[in-house]
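Heads up, the thing below is written out as structure tokens.
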Amino acid sequence: MVKREIKNISLSKLFLDLKNPRHTPSGTEADAIEYLCDKEDVYPLARDIATNGLSPIEMFAVIPVAGNQGAYEVVEGNRRLCALKLLKDPELAPTKFKSQFKRLEKSFEGINSVRCVIFSDVDDASIWVERNHSGQNGGIGRKSWDADQKSRFIRDKQKNDKNKFALEFLDYSERESIIENGNRKGRLTTVQRYLSNSKIRELCFGLSLNDDDIVCTDRNKKTFNDLSKLFIEDLLSGVVNSRAKKG
């Protein structure tokens, strides 16, 4: 069995994998960051990292960058590295995400280095990267929980993230310019109160959590945005408030 070096590496020495399978090859880190934010849910991940820190049971997999002593390319952990880079420097975020990352930065205690396992090259790492992303793979990969197993885990840890839907709804509305950042202050409780009602959350907005615990909707974008605009208009006008009946 090959022994590989494991050590803490400064974030300043870690670079995104521009040929990561999550996206078509990118020309620059800025291109990769934009894609990951738009298509790979980096903001919810960053928000979770700002709240809970990095998972202590998952290391980054890296390979040396040729011609750049002490620098490494991340071949496993691209989304996490992207989230950390934007938490440390929100100016790197795409324009529509910038204000949200600036808000997260205020509560982020800061992570300057991360635990990495160093592989000699992409081929050396590929077997483990593949196992991490190719499903059960005949029993040698990760086996996802079924619905009952997931429900037991959630029940056992008594999960209670009552603001999850409300936060994601407001974040999305801000990204889509449905609500301005300055108008969000003091609105979370009201939005949470309404979205805690399953009739409003599921039947009206079509909101639910997917298998990765990410908020999603079964409505098409235009329909969802139109519904969101109506709700936000009522929220700002006072028609929707924390004391109004929610159905």
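The values are calculated or read from the model by the stated rules, or taken from the named source; none is laboratory data. Being a predicted model, the structure only gives us computed values, none of them experimental. A quick note on method: Cβ atoms are made from the backbone with ideal geometry, for glycine too, and the neighbour counts reach across all protein chains shown.
Things to note:
- Residue in region 187-204 that is polar (S, T, N, Q), out of contact with any Leu (no Cβ under 9 Å at 6 or more places or on another chain), within 22 Å of residue 101 (Cβ to Cβ) and touching a residue at least 40 places away in the same chain (Cβ under 8 Å) present: no
- Scanning region 214-235 for residues that are buried (at least 18 other Cβ atoms within 10 Å of the Cβ), at pLDDT 90 or above and assigned to a loop (DSSP other than H, G, I, E, B) turns up nothing.
- When every residue of region 141-150 is checked against the conditions, none turns out to be at pLDDT below 90, assigned to a helix (DSSP H, G or I) and within 23 Å of residue 102 (Cβ to Cβ).
- Checking every residue in region 73-80 against the condition of being hydrophobic (A, V, I, L, M, F, W, C) and touching a Ser or Thr at 6+ places or on another chain (Cβ under 7 Å) gives zero matches.
- In the condition set (1) within 15 Å of residue 229 (Cβ to Cβ); (2) over 16 Å from the mean Cα position of the chain (by Cα), residue 169 is compliant with all but (2).
Let's see how each residue does on (1) surrounded by 14 or more Cβ atoms within 10 Å (Cβ to Cβ); (2) modelled with pLDDT under 95:
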residue: 9; (1), (2): yes, no
residue: 12; (1), (2): no, no
residue: 18; (1), (2): yes, yes
residue: 26; (1), (2): yes, yes
residue: 29; (1), (2): yes, yes
residue: 32; (1), (2): yes, yes
residue: 41; (1), (2): yes, yes
residue: 64; (1), (2): yes, no
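- Residue 39 out of contact with any helix residue (DSSP H, G or I) (no Cβ under 9 Å at 6 or more places or on another chain), more than 24 Å from residue 117 (Cβ to Cβ) and outside the structural domain of residue 173 (by TED's automatic domain parsing): yes
A quick yes/no check of all residues on (1) at pLDDT 95 or above; (2) within 24 Å of residue 6 (Cα to Cα); (3) assigned to a helix (DSSP H, G or I); (4) among the aliphatic types (A, V, I, L, M):
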residue: 82; (1), (2), (3), (4): yes, yes, yes, no
residue: 91; (1), (2), (3), (4): yes, no, yes, no
residue: 96; (1), (2), (3), (4): no, no, yes, no
residue: 99; (1), (2), (3), (4): no, no, yes, no
residue: 104; (1), (2), (3), (4): no, no, yes, yes
residue: 111; (1), (2), (3), (4): no, yes, no, yes
residue: 116; (1), (2), (3), (4): yes, yes, no, no
residue: 124; (1), (2), (3), (4): no, yes, yes, no
